[in-house]
Each structure stands twice: as structure tokens, then as C-alpha cells.
1. Mind listing whichever residues of segment 114-129 are farther than 19 Å from Leu77 by Cβ and outside any helix (DSSP H, G or I)?
2. What number of residues in segment 1-30 are under 16 Å from Arg114 (Cα atoms) and among the basic types (Lys, Arg)?
3. What are the pairs, 6+ residues apart or on separate chains, where a residue within segment 89-113 that is within 17 Å of Leu77 (Cβ to Cβ) has its Cβ under 7 Å from a residue that is exposed (fewer than 11 other Cβ atoms within 10 Å of the Cβ)?
4. For segment 1-111, which strands (runs of 3 or more DSSP E) that fit wholly inside it have 1 or more residues that are of a type in the set (A, V, I, L, M) and surrounded by fewer than 20 Cβ atoms within 10 Å (Cβ to Cβ)?
5. Find all pairs meeting these conditions: Cβ atoms under 7 angstrom apart; at least six residues apart or on different chains; first residue within segment 30-43 and farther than 19 Å from Ala141 by Cβ; second residue assigned to a strand (DSSP E or B) and more than 11 Å from the ligand (Cβ to nearest atom).
6. Based on this model, can you work out whether Val121 counts as open to solvent by 20 Å² or more (accessible area, probe 1.4 Å), in contact (Cβ under 8 Å) with a residue 12 or more places away in the chain and β-branched (Val, Ile, Thr)?
Amino acid sequence: MDLRDLYQDIILDHGRHPRNFGKLEHPSHFAHGHNPLCGDKITVYLTVAGDRIEDVKFEGRGCAISTASSSLMTEVLKGKTIADANQLFRSFHAKVTGGAAPPLSEALEEDADRLDPLTGVKAYPVRVKCATLPWHAVQAALEEGAVGKTVKTE
Ligand code: ZN
């Protein structure tokens with residue numbers, strides 16, 4: 001099995017059996033993400049205490065890429081500080097858009113590697129928006145004073 005097949009398996013697995021799928025009853029932050037090009041609609045819920053993301057979940061409907069990306073994102077973001085979450089987003093965004101990834105602190109490299117299965121989307125510009133949608137939604141949720149905002153990928 002080559003790496004491409006393996007990555008495909010990870011995306012299919014997370015697309016079919018998303019982790020952390022569902023609603024948080026009392027989120028401190030949440031936001032909706034809408035990708036009209038593909039029809040992906042998701043909502044991310046976060047419980048933030050101090051500067052740490054204690055819990056994160058998502059729900060919604062989307063293609064396999066957006067669902068897998070949301071699932072993998074919630075796995076790596078749980079327990080992270082907001083600063084670390086921002087670092088991971090910048091790194092992931094650079095990788096999926098084919099840009100130069102900014103250096104990450106060593107502690108985050110393993111988390112960034114877990115997102116690598118999704119970086120194959122850089123060959124498909126339309127799919128990039130599917131992969132980055134949940135991250136944009138988290139960014140929107142964490143913006144000061146934003147409650148239940150909707151972010152569109154355009
Ligand atoms: Zn999509």
C-alpha cells in the first residue's frame with residue numbers, strides 16, 4: 001500500500017465515522033461554517049477555559065473531505081491552547097494551499113503530521129475550501145464577541 005492509499009483510507013474512515021461529532025450542550029463559543037461551492041455546512045462548538053480549548057465538537061453535513069477535516073481537527077485541537085490552535089491552523093493552511101508552512105514548535109509537530117492526509121487537496125483548489133472550512137469556523141468562533149457567527153469560504 002502506498003502512502004496515497006493510506007491517506008485515502010484515513011480520510012474515508014474519518015469521513016464515515018467522524019470523531020467528536022455532535023453538539024456541546026453549553027459551549028462557550030460556537031460558529032457555523034458554510035462552503036457554498038460544495039454545499040458543506042458545519043457548526044463547531046468549543047468549551048474554552050482560560051486560554052485552553054477543553055472540549056470541541058462539530059455537527060453538520062458535508063462531503064467526505066470537510067467531514068474528515070472536521071474530525072481530525074477536533075482530535076488535534078482538544079486540550080490545546082488558543083495560541084497552539086492558531087499555530088496549527090497556519091501550518092495546515094499553508095500546507096493545503098501549497099504555501100510555505102511556518103515553523104512549528106516541536107510539541108505541535110506530531111499534531112500537524114496527523115493532518116497530513118488532508119494536504120493532498122492542494123491539487124484540487126475547490127477541495128481546499130472543504131478542508132479549511134472547520135478551521136475557519138473555529139477561528140470565527142474564537143473571535144472576540146462572536147457568538148454563533150457564520151463564516152463563508154469565499
Ligand atoms: Zn466539501
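1. Hit for segment 114-129 is Tyr124, nothing else.
2. 2
3. Arg90/Pro102; Ser91/Pro102
4. Per the criteria, 40-49.
5. Here the result reads Pro36/Lys152, each pair linking segment 30-43 to a residue that is assigned to a strand (DSSP E or B) and more than 11 Å from the ligand (Cβ to nearest atom).
6. Here the answer is no, as Val121 does not meet what is asked.
Yes/no per residue for (1) farther than 16 Å from Gly15 by Cβ; (2) touching a Cys at 6+ places or on another chain (Cβ under 6 Å); (3) within 16 Å of the ligand (Cβ to nearest atom):
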site: Gly39; (1), (2), (3): no, no, yes
site: Thr43; (1), (2), (3): yes, no, yes
site: Thr47; (1), (2), (3): yes, no, no
site: Ala68; (1), (2), (3): no, no, yes
site: Lys78; (1), (2), (3): yes, no, no
site: Leu108; (1), (2), (3): yes, no, no
site: Leu133; (1), (2), (3): no, no, yes
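The values are calculated or read from the model by the stated rules, or taken from the named source; none is laboratory data. Note that the coordinates shown come from a computational prediction; the quantities given were computed from them, not determined experimentally. Positions of Cβ are backbone-derived with ideal geometry, glycine not excepted, and every protein chain shown enters the neighbour counts. These accessible areas exclude ligands, DNA and RNA; they are computed on the full protein's heavy atoms, side chains included. Shrake-Rupley method; radii C 1.70, N 1.55, O 1.52, S 1.80 Å.
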